[in-house]
Amino acid sequence: MAAAPLQGVRIADFTWVWAGPYCTLQLAHLGADVIRIETRTRPCITRVLPPWPEGKPGGLNRSGYFNQYNQGKRSLTLNFKHAAAHEIARKLVAQSDVVVNNFAHGVMDRMGFGYEALKKLKSDIIMISLSGYGDTGPYRDYVAYGPAQVPLSGLSALTGYKGWPPMHSGFSYADPNAGIHGAFAILAALYHRAKTGEGQYLDMSQWECAMVLLPEGIMEYTMTGREPERIGNQDPLMAPHGVFRCLDRPEKIAGHAIDQWVAIVCEDDTDWARLARAMERPELGADARFATLAARKANEDELEAIITVWTSGRRAAEVVEKLQNAGIAAAVVADNKYLSEEDAHLRARDYFVYREHPEVGKKQHCGVPWKMNRTKTEVRAAAPAIGMHTDEILTGLLGYSADDVQNLRAQGALE
Amino acid sequence: MAGALSTLKIVEIGEMVSAPYATKLMADLGAEVIKIERPAAGDRSRTRGPFPGDRAHTEKSGLFLYLNANKYGVTLDLSASEGMGLLERLAAAADVVIHNVPPLEMDRIGLSFDRLQRVNPRLVMTSITPYGLTGANRDWRATDLTLWAAGGICVMNGAGAEYPEMPPLKTFGQQAGFQGGVHAAAATMGAVMAQLRDGDGQHVDVSIQESLASQQELFFEYWPYMGMIASRLGRKPIQPVESLQCRDGWIYVCCIEEHQWRAFVEVMGNPEWAQEEIFSDRVKRGENWEALKIFLEEYVAQHTVLELYKKVQEKRVPFAPVSTMGDLLNSEHLKARGFFVEVNHPVAGRQTYPGAPLKYAATPWKLRMPAPTLGQHNDEIFGKRLGLSAARLAELKRKGIV
């Protein structure tokens, strides 16, 4: 295998929580040397959040949340209350290609690490800020938290069961979305730099980055003047198009029954006839209530009730197997256990990775969502314990002696 | 100023969202994108809408217009050998081919990396497929809804513990397609950087299922770390983080840190109930959410969304409006940043689209031309670019290949 695409590219990673770490994770997958600048005095919140092995918290290195999104990165701890920490960070920037942060607007400037200052350290530096509201505009100093970005973007107003209030997406979707768009933008900026020698500053508003996912909602409004209706799992041009109840998991988890569901879609009348046959109700294929899309849309409640009668006595995986064999789009509504243990396809593709972590050992983590046939692209190592690479970065990369490091540590600059 | 990717040449064989979104990201940075559509029918997103005045028209679908601005559009039947031959000629002159032709269809028409690499050894080819190009499920049929389910995302959303009968809920739109597209765009640019370095191409295999499974927040790891199942039926451990109804719409009430709650209590005028022991920290507020909700609903209902939003944000509390589309179009902040853009299309007319995902200081994001009408650039690309004679092109058109 040839070297990974970004081998030799260094990222000074000032990010925390999820959006920024998801961004730099992609660059680590592509081979970049991502150095997370952290501090024990105010550690990333994901280092202390659950899940922890055996449910036991303690320390800063046990969280599966942090350990997922920081795989393959190095960790350098610096306490910016010390001037020496600033000096170290400046030296690191001078040896980096990209600086990433997801603080609110202005924070990096106040720390002395605004783009103009960084440019003086490295003239072709690329810097990206993944802030909630962006660097300009009247709300630029507003505070943004992951879960609130989903309703802010318009996605909540568009998502929900028919006749119900606006709902959430169930996770802080705007965060990884900002992260992956940021990773793409950094790569585009690296390409431009490779062609012209020019670095630049990239200003992302996570709010805007989420709205680019909503053209159908936004343009329904701009093209018709109407606010879109919430339609649950349905679709205006396909029916059935829904999520249907199956038998509960055969096993109980922590004493609880766990419900299971299956997603089923018929894209056209042929699909519907196939589904009717698969349900052993072939007569429904030509039934006037369901034979055409218009008829199925008009009788969708009845249609969904018929399908539910069939699915609710079966296991989700069995329904999917049967429908896929019949050529119909269907999938188990996968939960984390299903993905972890029961989705044989993901295992066959070696999607999951198990890297040795100094405190939690080998744990199953999600890996790289793409494969390349010529260059490496991989999870090189588990997420770092906090400060794990401080010494090697200071002595190996930045030219400090072992004595210097000892002094810096004694002063508290490496907390 | 030229865009960041203005020297990059891309051929897209895309339907609906994933591949078209990947190449849109690049086209909007200046890359040249030649989009191949099926003769006669074209990209299915042409039938999805929304449409101006709700009148369906294959040149007026909002989803298509948005995803395909800045691209050249040609039609080509890839199941015919002459069609595949023309694709090879386009690929020979390109840096990148991005497609979302499903694996079974690839086999049927003979589209493969080996084939295109033979005509262009430095080509990067990116295949975006529902489940990837290998493994038992590679030929499974899929749509946005089934992928949202298969990627472990759908399970996280629903009406919560009080309504276990309500199903897991899809997020609006074509989110699996968008995520497959943007992950593919990043992976493709990685391969392009390696192409620049080594002069060699490669095949990038992007699985939409894996792109989604990669973003399950902290939920996936609950199984390997703690043996716990993630479910939409779990209670929120801390509160308030919920949408509540104001006089004129909904607001997302969000106090994650204790200082944010204290600031919100102050904004509310320090009501007596807020001093109750059962609301004294975020975990207790989570345990007693039913009681807290009644007080908050009563307070929030007396205010307008914008008034309350601005008032709490002044105290650095991260509330947000539950924005309607109208709110977005009228937002003073988005106007000041110039987010929305107007595009004039020869058939669909002047329409407002969502704009840039982010701002590039040195190499601006820019819409240079509207989405192509079906086959709009056939003459320019096949005639002028590839040098096909008018007679040859007419013959291919007659055969339905172009």
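Scalar couplings 3J(HN,Hα) for segment A:400-413, obtained by applying the Karplus form with A = 6.51, B = -1.76, C = 1.60 to θ = phi - 60°, are 7, 8, 4, 5, 3, 4, 4, 5, 4, 5, 4, 5, x, 6 Hz; x denotes Gly and Pro.
Relative protection proxy for A:219-232, B:260-273, B:64-77, from highest mean packing down: B:64-77, A:219-232, B:260-273 (other beta-carbon atoms within 10 angstrom). Calculated from the alpha-carbon coordinates, segment A:241-334 shows an Rg and a Dmax of 13.7, 47 Å respectively.
In chain B, the longest principal axis of the Cα atoms and the axis of helix B:289-300 are about 80 degrees apart. Compared with the alpha-carbon gap, the fully stretched path from B:ALA161 to B:LYS399 is longer by 79.8 nm at 0.36 nm per residue. Roughly what angle does helix A:19-29 make with the longest principal axis of chain A, taking Cα atoms, 0 to 90 degrees, to the nearest 10? The two axes meet at around 80 degrees. What separates the Cα centres of segment A:180-214 and segment A:1-61 is a distance of 20 Å. Packing, as the average of other Cβ atoms within 10 Å across residues, places the peptides B:218-228, A:246-256 in the order B:218-228, A:246-256, highest first.
Note on B:LYS170: lysines with a C-alpha under 16 Å away, same-chain residues under 8 apart excluded, are A:LYS162. Rounded to the nearest 5, what is the percent of antiparallel bridges among the DSSP beta bridges in chain A? Of all bridge pairs located within chain A, approximately 45 percent are antiparallel. Per-residue mean of foreign Cβ neighbours for B:230-238 is 3 (Cβ atoms of other chains, 10 Å radius). The order of the peptides A:332-343, A:404-415, A:41-52 by mean Cβ neighbours within 10 Å, most packed first, is A:332-343, A:41-52, A:404-415.
Charging the Cβ of each Asp and Glu at -1 and of each Lys and Arg at +1, and nothing else, the dipole of segment A:205-262 about its Cα centre rounds to 220 debye.
Take every Cα pair under 8 Å whose residues are at least 6 apart in sequence, average their separation, divide by the length of chain A, and the relative contact order is 20 percent. Taking the Cα centre of segment B:241-324 as origin and assigning +1 to Lys and Arg Cβ atoms and -1 to Asp and Glu Cβ atoms, the resulting dipole is close to 320 debye. For the residues of A:135-142, the average number of beta carbons from a partner chain within 10 Å of their own beta carbon is 6. Build a GNM of chain A with springs between Cα atoms under 10 Å apart, and of A:HIS241, A:HIS181, A:HIS345 the one that fluctuates most is A:HIS345.
Each residue of segment B:190-204 was assigned a 3J(HN,Hα) from its phi angle through the Karplus curve 6.51 cos²θ - 1.76 cosθ + 1.60 (θ = phi - 60°); the sequence is x, 5, 5, 5, 5, 5, 4, 6, 9, x, 10, x, 5, 9, 10 Hz, with glycine and proline shown as x.
Within the same chain, aspartates and glutamates fewer than 8 places from A:LYS322 are excluded, and of the rest, those with a Cα less than 19 Å from its Cα are A:ASP248, A:GLU267, A:ASP268, A:ASP269, A:ASP271, A:GLU280, A:GLU283, A:GLU304, A:GLU342, A:ASP343, B:ASP139.
Express the relative contact order of segment B:241-324 as a whole percentage, based on alpha carbon pairs under 8 Å and six or more residues apart in sequence.
Result for segment B:241-324 is 47 percent.
Cross-link partners of A:LYS73 among aspartates and glutamates, defined as those whose alpha carbon lies under 14 angstrom from its own and excluding same-chain residues fewer than eight positions apart: A:ASP13, A:ASP33, A:GLU38, A:GLU356, A:GLU378, A:GLU392.
The C-alpha atoms of chain A define a longest principal axis, and helix A:300-311 lies at about 80 degrees to it.
Note on segment B:31-76 and segment B:245-277: Cα centroid distance 47 Å, given to the nearest whole angstrom. The mean of 1/r over all pairs of different alpha-carbon atoms in segment A:271-415, once inverted, gives a Kirkwood hydrodynamic radius of 20.8 Å. Taking every alpha-carbon pair under 8 Å whose residues sit at least 6 apart, chain B reaches a relative contact order of 20 percent.
Residue by residue along A:44-52, Cβ atoms of other protein chains within 10 Å of the local Cβ number 3 on average. Here the sum of -39500 (n - 2.57) over DSSP H runs of 4 or more residues, divided by the residues of chain B, equals -10000 deg cm²/dmol at 222 nm, to the nearest 500. Normalised Debye scattering of segment B:241-324 at q = 0.17 Å⁻¹ gives log10 I(q)/I(0) of -0.62, counting only Cα atoms as equal scatterers and leaving out solvent. With 22 Å as the limit, the listed pairs B:LYS71/B:LYS335; B:LYS9/B:LYS384; A:LYS56/A:LYS363 have B:LYS71/B:LYS335 beyond it between alpha carbons.
Taking a point 7 Å out from the Cα of B:LYS335 in the direction of its Cβ, the residues of segment A:119-144 whose backbone N falls within less than 20 Å of it are A:133-142.
Which values of log₁₀ I(q)/I(0), to two decimal places, follow from the Debye formula for chain A at q = 0.10 Å⁻¹ with a uniform point scatterer at every Cα? Evaluating at q = 0.10 Å⁻¹ gives log10 I(q)/I(0) of -0.83.
Only the coordinates and a few stated rules stand behind these numbers; no lab work does. Predicted model only: the values in this text are computed from it and were never measured. Using ideal geometry, Cβ is built from the backbone for each residue, glycine included, and neighbour counts are taken over all protein chains shown.
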